[in-house]
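Enquirer: This is the structure I have questions about; it appears just below.
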Amino acid sequence: MEAATIGLDISKHAFHIHAINGQGQMTARQRLRRSEVMSFFSSLVPAWSASRPAPPPPWAREIRRFGHDVRLIPPAYVKPYVRRGAKNDAADAAVISEAVTRPNMRFVPVKSIENQGFLMLHRERGLLVRQRTMTACARAHFAEFGIVVEQGQQRVDGLVDLLDDEEPTLPADARMAPAALVTQLKELDQQVEAIERELAELQRAHRMAKLLSLIPNIGPNTATALAATVPDPTMFRSGREFAVWLGLTPKQNSTGGKDRLGRITKQGDAYLRHLLVIGARNVVRYPEARSRVGGGWIEALLERRRCRGCQQVSPFGCRCS
């Protein structure tokens with residue numbers, strides 16, 4: 001089969017390919033089972049192979065072994081090429097083969113096995129942190145009995161002692177619940193700390209992560225997540241382009257020569273944006289962190305945010321109003 005570009009639509013069991021030649025004419029269209037994908041690409045002359053990055057890196061790494069130039073396209077960049085009323089797997093493979101030939105198309109870098117391992121640790125940590133937050137918030141159940149615990153995860157440990165004082169007024173089931181709650185929180189704390197220790201060790205051994213950690217308020221978690229998600233920083237022409245990719249730049253609604261900027265787009269990697277925003281808020285909020293950054297622009301920002309009523313400097317608003 002003669003093909004210059006092959007579009008591959010990936011799913012769990014059914015895979016569709018759409019091959020075109022150098023003139024853009026279709027030369028093949030085929031449905032493959034999961035077990036047939038590798039044998040299909042191994043029998044082809046090396047060409048461009050493009051796919052959506054749904055479960056991408058394993059397939060991309062394997063197909064690259066046969067000499068193909070594999071390029072992963074974000075689904076949002078493929079969607080404009082889908083024709084109306086033609087949404088199916090075969091049509092998706094066709095528009096992927098068309099989108100990959102566009103000169104200004106942006107691609108997702110193929111991650112290494114090492115970087116995939118970094119990201120898996122981050123996903124597991126995020127899951128455990130969410131479970132820990134849900135468990136800590138379960139203390140609100142005792143408000144039905146008139147027992148209110150102050151906010152903060154560290155306050156949950158004192159829930160057992162507080163309930164001992166209220167033992168005569170509580171049913172047996174309610175007295176058993178806080179012990180299980182505190183035990184689960186301690187287990188989740190231990191698991192999160194184990195993953196964070198592993199990430200700290202990986203950060204010390206990874207060259208790019210070590211460089212990133214030199215930036216103020218970039219710790220092991222943010223450094224390893226950045227290094228794993230963006231293995232090749234040269235794909236961005238500037239820091240602003242990286243900020244656009246992360247969704248940290250204002251959304252534009254400009255027309256007629258008038259610039260209208262709104263809130264940030266939030267269209268990039270939500271996890272990376274979450275880590276960077278937390279680090280930036282800490283720099284703005286705490287004087288100790290600001291002293292490590294240097295420069296007067298943060299102080300000028302805080303001065304602009306000074307409350308007109310109580311004259312309190314607060315970057316996140318004042319409660320007096």
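Enquirer: Return the only residue of R292, R240, R285 being among the charged types (D, E, K, R) and modelled with pLDDT of 85 or more.
Expert: Details: R292 fails: modelled with pLDDT of 85 or more; R285 fails: modelled with pLDDT of 85 or more.
None of the other options fit; the residue is R240.
Enquirer: Which one of L248, L272, L226, L261 is hydrophobic (A, V, I, L, M, F, W, C) and surrounded by fewer than 14 Cβ atoms within 10 Å (Cβ to Cβ)? Break it down into steps so the answer makes sense when it comes.
Expert: Details: L248 fails: surrounded by fewer than 14 Cβ atoms within 10 Å (Cβ to Cβ); L272 fails: surrounded by fewer than 14 Cβ atoms within 10 Å (Cβ to Cβ); L226 fails: surrounded by fewer than 14 Cβ atoms within 10 Å (Cβ to Cβ).
Selected residue: L261, the only one of L248, L272, L226, L261 that is hydrophobic (A, V, I, L, M, F, W, C) and surrounded by fewer than 14 Cβ atoms within 10 Å (Cβ to Cβ).
Enquirer: Here is a further query. Out of the stretch 205-223, which residues are farther than 20 Å from N282 by Cα and surrounded by 12 or more Cβ atoms within 10 Å (Cβ to Cβ)? Steps first, answer last, please.
Expert: We begin by selecting, within the stretch 205-223, every residue farther than 20 Å from N282 by Cα; these are 205-211.
Within the stretch 205-223, H206, M208, A209, K210, L211 meet the criteria.
Enquirer: For a quick check of your reading of the model, give me the residue pairs whose first member lies in the stretch 248-264 and is assigned to a loop (DSSP other than H, G, I, E, B), whose second is open to solvent by less than 100 Å² (accessible area, probe 1.4 Å), with beta-carbon atoms closer than 6 Å and at least 6 apart or on different chains.
Expert: From the stretch 248-264, the pairs are L248/I264; T249/A243; R260/S254.
Enquirer: Something else about it: V148 versus (1) part of a helix (DSSP H, G or I); (2) open to solvent by 30 Å² or more (accessible area, probe 1.4 Å); (3) of a type in the set (A, V, I, L, M); (4) in contact with a helix residue (DSSP H, G or I) (Cβ under 8 Å, 6 or more places away or on another chain): which is the lone unmet condition?
Expert: (1)
Enquirer: A follow-up question, please. Tell me whether the stretch 73-85 contains one or more residues that are touching a strand residue (DSSP E or B) at 6+ places or on another chain (Cβ under 8 Å) and among the hydrophobic types (A, V, I, L, M, F, W, C).
Expert: Taking every residue of the stretch 73-85 in turn, at least one turns out to be touching a strand residue (DSSP E or B) at 6+ places or on another chain (Cβ under 8 Å) and among the hydrophobic types (A, V, I, L, M, F, W, C).
Enquirer: Keeping to the stretch 54-104, report how many residues are assigned to a loop (DSSP other than H, G, I, E, B) and basic (K, R). Explain how you work it out, then say what you get.
Expert: Taking the stretch 54-104 as the starting set, the residues that turn out to be assigned to a loop (DSSP other than H, G, I, E, B) are 54-55, 65-68, 73-74, 82-88, 100-104.
Now narrow it down to the ones that are basic (K, R): 65, 83-84, 87, 102.
Adding up the residues that qualify gives 5.
Enquirer: What tally of residues in the stretch 181-204 results from selecting those that are under 17 Å from A138 (Cα atoms) and open to solvent by 60 Å² or more (accessible area, probe 1.4 Å)? Lay out the reasoning, then the answer.
Expert: From the stretch 181-204, those under 17 Å from A138 (Cα atoms) are 181-189; that's our starting set.
Still in the running and open to solvent by 60 Å² or more (accessible area, probe 1.4 Å): 183-184, 186-187.
Residues flagged as under 17 Å from A138 (Cα atoms) and open to solvent by 60 Å² or more (accessible area, probe 1.4 Å) within the stretch 181-204 amount to 4.
Enquirer: Taking G279, is it crowded, with 16+ Cβ neighbours inside 10 Å and not charged (D, E, K, R)? Reasoning before the result, please.
Expert: On the way: crowded, with 16+ Cβ neighbours inside 10 Å: yes; not charged (D, E, K, R): yes.
Taking the combined requirement at face value, the residue satisfies it.
Enquirer: Identify, by number, the condition in (1) at pLDDT below 85; (2) more than 20 Å from A14 (Cβ to Cβ); (3) crowded, with 19+ Cβ neighbours inside 10 Å; (4) in contact with a strand residue (DSSP E or B) (Cβ under 8 Å, 6 or more places away or on another chain) that W48 doesn't meet.
Expert: So the condition that W48 fails would be (3).
Enquirer: Restricting to the stretch 282-299, give me the number of residues that are open to solvent by 60 Å² or more (accessible area, probe 1.4 Å) and under 25 Å from the mean Cα position of the chain (by Cα).
Expert: Residues in the stretch 282-299 being open to solvent by 60 Å² or more (accessible area, probe 1.4 Å) and under 25 Å from the mean Cα position of the chain (by Cα): 1 in total.
Enquirer: A further question follows. What number goes with the only condition from (1) charged (D, E, K, R); (2) modelled with pLDDT of 80 or more; (3) open to solvent by less than 50 Å² (accessible area, probe 1.4 Å) that R139 does not pass?
Expert: Condition not satisfied by R139: (2).
The values are calculated or read from the model by the stated rules, or taken from the named source; none is laboratory data. Here the structure is a predicted model, which is why all the values come from computation and not from measurement. Cβ sites come from the backbone with ideal geometry, for glycine too, and all protein chains shown count toward neighbours. SASA here: full protein model, heavy atoms, side chains in, ligands and nucleic acids out. Shrake-Rupley method; radii C 1.70, N 1.55, O 1.52, S 1.80 Å.
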